[in-house]
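Working notes, structure below.
Derivation of every value follows stated rules applied to the coordinates shown; laboratory data play no part. Just so you know, these numbers come straight off a predicted model, no measurement behind them. Because the Cβ atoms are built from the backbone with ideal geometry, glycine has one as well, and the counts that use them run over all protein chains shown.
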């Protein structure tokens, strides 16, 4: 069961499973300008610990939320902590690419399907 993290009237930026270890989060499907403030606040609350962010549900990402993820990845790196974006959706990858941001710049990695055999 996901516990929604939002103030009254604020859009959900991401949800944290209520029984998950500290530092795990799932991004919301729509990361537009309205989601930027809650996304920033929730990531800031997780600072100082390793963070794993699941991007599988993202259907759309705007420049503000992309900038927040980029800043978070750089902040965690500066702090000597790990910031990982796992399971990025195709829409998330395309959105970041359109904004000129590499997946690796926001702590992301593509799934490793192993070596192909011929």
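Would you pick out the residues in region 70-108 that are in a loop (DSSP other than H, G, I, E, B) and under 15 Å from residue 48 (Cβ atoms)?
Answer for region 70-108, where residues must be in a loop (DSSP other than H, G, I, E, B) and under 15 Å from residue 48 (Cβ atoms): 80, 81, 82.
Filter region 26-53 down to residues that are crowded, with 20+ Cβ neighbours inside 10 Å and assigned to a loop (DSSP other than H, G, I, E, B), then give me how many there are.
Selection size over region 26-53: 1.
With respect to residue 67, determine if the residue is part of a helix (DSSP H, G or I) and touching a helix residue (DSSP H, G or I) at 6+ places or on another chain (Cβ under 7 Å).
no
Restricting attention to region 40-71, report how many residues are touching a strand residue (DSSP E or B) at 6+ places or on another chain (Cβ under 9 Å) and under 19 Å from residue 29 (Cβ atoms).
The number of residues fulfilling the criteria is 18.
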